[in-house]
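Have a look at the structure below, then the notes.
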Amino acid sequence: MTIMTDPPRGEFRLSMLLSDTRYRSLTLQAIAALVLALSIFLLARNVATNLAAQGLDISFDFLGTPAGYDINQRLIEYTSQSSNLRAAIVGILNTLLVAFLACVTATVFGVLAGVLRLSNNWLVSKLMAFYVEIFRNIPVLIWILIIFTIMTAVLPGPRAFRGDEPEASMLFNAFAFTNRGIYTPLPFFQRGFGGGLDFLLVLLLLVGSFFGARAVTARATRIQEATGERPATLLTNLAIWFGPLVAVSLILGLSFELPELKGFNFKGGITIRGSLIALWFALSIYTGAFIAENVRAGIQAVSKGQTEAAAALGLRPGRTMSLVVLPQALRIIIPPLISNYLNITKNSSLAIAVGYMDVTGTLGGVTLNQTGRAIECVLLLMLFYLVISLSISAGMNVYNNTMKLKER
C-alpha cells in the first residue's frame, strides 16, 4: 500500500510555489488577492479620471453645508438649517428605530404563528397557514401601501377632534388616533438630570433588570436539574423588571406631557407618524410569515420522543414547549432568523414610498439630489448598510453559539 506523504524538505525553489502542495494553495490565494486589488485600483482610477475630465472630484465637504429641507419624524433636534450630516444622522436613527421595532414584533408574530400552525385545533392551524401563505407571497411594498392607505382613509383627521361635540374623541384623554399618525403622552422626570441622562438611566435599569431576571431563571434551571422541581420565578422576575423602574419614577417624579389639539394639528406628547406605523407593521407581518415557517420547521425537527418524555414527567404542554421543545428548536431557528433580521433592515429602505424619511430618503434621496454628490452619498449609504448588517450578523452569531449543544 502506498502512503502519501509531503515532499521531503530541501532547498526552496520558485517552481515549488506551484508544484509543491505545501505552497500551492497559498500561491493561488495570493494571485487571486493581487488580481482583486488590481481590479479595484483600475476601477477607482477610471472613476477618478472620468470625474476629473468633467471638472469634478470626490469630496465630502457637502456634509457640513445646510440641508435645506425638513424631516417630519425625528428622534433628535433638527431644523432645515442643520447640516447634511445631521440630516443623515436623523435618517440613520429613523432606520434603526423602524428596524428594531419591526424585528421585535416580527419575532413575536412569527413565533406565535409558527407554534399555532402546529396546533391540534383545525381552525387555528388553517388560519395560521392562511396568514403565512398570503403575507409571504405578496411583496412587502404592496403591504406598506395597503396599510398606509387604510390608515389615512379610515382614521379621522385632527379637525374631527375639535368643537363642543367632536366627531372623534381621544382615548382616555391621552391618546389620539388620526390619519396623520398617533399622538401619545410623553413621559419625563420633573426632578431628572436632563433628557439624555434620564434616558441613559432608564436604559441602564432595563439592562440590569435583564441580567437580574436571567440570573434568577438560570438559578431555577440549576435547581430543576438537581432536584427535578422548578421554583416559581414569575413574581421574582416581575419585581426585578418593574421594582427599580417604579422606585426611580417615584424618586425623580415621573410625569407625562399630554398631546393637545392646537391649531390644525396636535401639539406635545409623542408623535408616531402614519408612515412609521405603516412601514413598521408591514415589515412585521411580512417577515413574521417567514419566521413562522422557520419556527414550524425547528419545532418539527425536534424528536417526538422529547415531547413524550416531558409528558411522562408530568409537564404541561405549555411548559413542554417553553422548556423542552423551543430551546432545542432554537438551534435550527436562529440561523435563518439572522437573514430575516437583515432583510427587515434592508427592506426598511422602502420607507420613501410612504414618506418616512430614513437614511435612504435623506442621504440617498434629498441630499443626493440637492448636492449632486451621487458617488459620495451612495458610498456612505452602502457603508451604513454594510456596517449595520455585519453588526446584526455578528451579534446573532454570538447568541447562536450560546445555543449550541455543549458536550460534557
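The values are calculated or read from the model by the stated rules, or taken from the named source; none is laboratory data. Please read these numbers as outputs of a predicted model, since none were measured by experiment. Positions of Cβ are backbone-derived with ideal geometry, glycine not excepted, and every protein chain shown enters the neighbour counts. Each accessible area value is taken on the protein alone, full model and side chains, heavy atoms only, with ligands, DNA and RNA left out. Shrake-Rupley method; radii C 1.70, N 1.55, O 1.52, S 1.80 Å.
Cβ-Cβ contacts under 7 Å between residues 6 or more apart (or on different chains), taken from a first residue in segment 292-307 that is part of a helix (DSSP H, G or I) to a second residue that is among the basic types (Lys, Arg) and surrounded by 13 or more Cβ atoms within 10 Å (Cβ to Cβ), are listed as 292/117; 296/117. Residues that are assigned to a loop (DSSP other than H, G, I, E, B) and either of a type in the set (Lys, Arg) or farther than 22 Å from residue 249 by Cβ (or both) within segment 169-190 comprise 169, 170, 179, 180, listed in sequence order. Among the residues of segment 143-168, which ones are of a type in the set (Gly, Ala, Ser), touching a strand residue (DSSP E or B) at 6+ places or on another chain (Cβ under 9 Å) and not in a helix (DSSP H, G or I)? Scanning segment 143-168 gives 157, 168. Just checking, does segment 107-114 include any residue being surrounded by 13 or more Cβ atoms within 10 Å (Cβ to Cβ), more than 21 Å from residue 381 (Cα to Cα) and more than 24 Å from the chain's Cα centre (by Cα)? No; the residues of segment 107-114 include none that is surrounded by 13 or more Cβ atoms within 10 Å (Cβ to Cβ), more than 21 Å from residue 381 (Cα to Cα) and more than 24 Å from the chain's Cα centre (by Cα). For first residues located in segment 165-192 and closer than 21 Å to residue 277 by Cα, partners that are among the polar types (S, T, N, Q) and surrounded by 13 or more Cβ atoms within 10 Å (Cβ to Cβ) and lie 6+ apart or on another chain with Cβ distances below 6 Å form the pairs 175/184; 179/152; 181/271; 183/271. Within segment 222-252, the set of residues being under 20 Å from residue 316 (Cα atoms), hydroxyl-bearing (Ser, Thr, Tyr) and open to solvent by 50 Å² or more (accessible area, probe 1.4 Å) comprises just one member, 227.
With more than 30 Å from residue 144 (Cβ to Cβ) and open to solvent by less than 60 Å² (accessible area, probe 1.4 Å) as the only criterion, which of 309, 278, 289 stands out?
Exactly one of 309, 278, 289 is more than 30 Å from residue 144 (Cβ to Cβ) and open to solvent by less than 60 Å² (accessible area, probe 1.4 Å), namely 309.
For segment 116-133, the tally of residues that are aliphatic (A, V, I, L, M), within 13 Å of residue 285 (Cα to Cα) and open to solvent by 60 Å² or more (accessible area, probe 1.4 Å) stands at 0. So, of the residues in segment 32-84 that are assigned to a loop (DSSP other than H, G, I, E, B), in contact (Cβ under 8 Å) with a residue 40 or more places away in the chain and β-branched (Val, Ile, Thr), which turns out to be least open to solvent (accessible area, probe 1.4 Å)? Ranking the qualifying residues of segment 32-84, first place goes to 71. The set of residues in segment 92-102 that are surrounded by 21 or more Cβ atoms within 10 Å (Cβ to Cβ) and not polar (S, T, N, Q) comprises 98, 99, 102. Checking 318, 314 one by one, the residue that is in a loop (DSSP other than H, G, I, E, B), farther than 27 Å from residue 62 by Cα and open to solvent by 30 Å² or more (accessible area, probe 1.4 Å) is 314 and no other.
Looking at the structure I just gave you, is residue 193 open to solvent by 40 Å² or more (accessible area, probe 1.4 Å), of a type in the set (Phe, Trp, Tyr) and not in a helix (DSSP H, G or I)? Taking the combined requirement at face value, the residue satisfies it.
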